[in-house]
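This report concerns only the one structure given below.
The values are calculated or read from the model by the stated rules, or taken from the named source; none is laboratory data. Treat the numbers as computed from the prediction; the structure is a model and nothing was measured. Quick reminder, even Gly has a Cβ in these numbers, built from the backbone with ideal geometry, and neighbours come from all protein chains shown. Heads up: the accessible areas ignore ligands, DNA and RNA and are worked out on the full protein's heavy atoms, side chains in. Shrake-Rupley method; radii C 1.70, N 1.55, O 1.52, S 1.80 Å.
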Amino acid sequence: MTKEELYKELSYVNHSRENRKKYALLVISNPDLIPKVMDILFQVNDKTSCRAAWLLEFVARENLDSILPYLDEFTKNMHTVHLDPAVRPIAKICEYLIEAYYHRDINHTKDYLKPAHKEKIIELSFDYMITNQKVAAKAYSMHSLYLLGKEYDWIHPELAMILERDFNSGTAAFKARARHLLKKLKK
């Protein structure tokens, strides 16, 4: 499938779980499509990039290992994504990567995710926390930062400061997640 054919096919991708899973399985079974999905994802001013983001998130959810060879490309360009429907999947993919990296079980993410990748995820996660993002992107980012803070000792104090500062103005969902993390951070 060419990039142009994939671009057309993405017009059929919608938010339904069955639909995203169907296309994710297509990409997982044809890993040569992943760079094409990323090319479309990083056409950040095109609304089709949002569909590529949804698809890549589902690919990562179903088979995180399939995107690992493309971490350099992903982390290099993820900060360019700005359309709201694409920001949430980027934050979720970062969370998947960080959760896998810090999971006690042996997995390939530990081999692929390098300090430079983690630093870019830290930067993006803090950007999502301090800018006007929807609550889901902030929730995924705060969880990623919490886990990263176990390795990078400067993160937890910064994260706690942001959570406390934004607590009163946050949504109910933000407050619930922030309250939970603040309890963990104060232990």
Task: Lone qualifier among 44, 37 - being open to solvent by less than 10 Å² (accessible area, probe 1.4 Å) and of a type outside the set (Gly, Ala, Ser) - done: 37
Task: Whichever residue in region 47-64 is touching a residue at least 40 places away in the same chain (Cβ under 8 Å) and closer than 17 Å to residue 5 by Cβ and, among such residues, is most open to solvent (accessible area, probe 1.4 Å) - done: 51
Task: Of residues in region 108-153 being among the small types (Gly, Ala, Ser) and open to solvent by 20 Å² or more (accessible area, probe 1.4 Å), the one farthest from residue 83 (Cα to Cα) - done: 116
Open item on the list: Is it the case, given these coordinates, that residue 182 is closer than 14 Å to residue 126 by Cα and either open to solvent by less than 80 Å² (accessible area, probe 1.4 Å) or part of a loop (DSSP other than H, G, I, E, B) (or both)?
Closed with: no
TODO: Return a yes/no flag: does region 154-167 have any residue that is modelled with pLDDT of 95 or more, surrounded by 14 or more Cβ atoms within 10 Å (Cβ to Cβ) and under 16 Å from the mean Cα position of the chain (by Cα).
DONE: no
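Do you know which of the residues in region 125-134 that are in contact (Cβ under 8 Å) with a residue 40 or more places away in the chain and not charged (D, E, K, R) is nearest to residue 170 (Cα to Cα)? Step through it out loud before you land on a result.
We begin by selecting, within region 125-134, every residue in contact (Cβ under 8 Å) with a residue 40 or more places away in the chain; these are 127-128, 133-134.
Now drop any that are not not charged (D, E, K, R), which leaves 128, 133.
Numbers: 128: 14, 133: 11 Å.
Per the criteria, the residue is 133.
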Open item on the list: Quick test of your reading of the structure: residue 43 fulfils all but one of (1) at pLDDT below 95; (2) over 23 Å from residue 103 (Cβ atoms). Name the failing condition by number.
Closed with: (1)
TODO: Kindly indicate whether residue 67 is closer than 28 Å to residue 150 by Cα and either of a type in the set (Lys, Arg) or modelled with pLDDT of 95 or more (or both).
DONE: yes
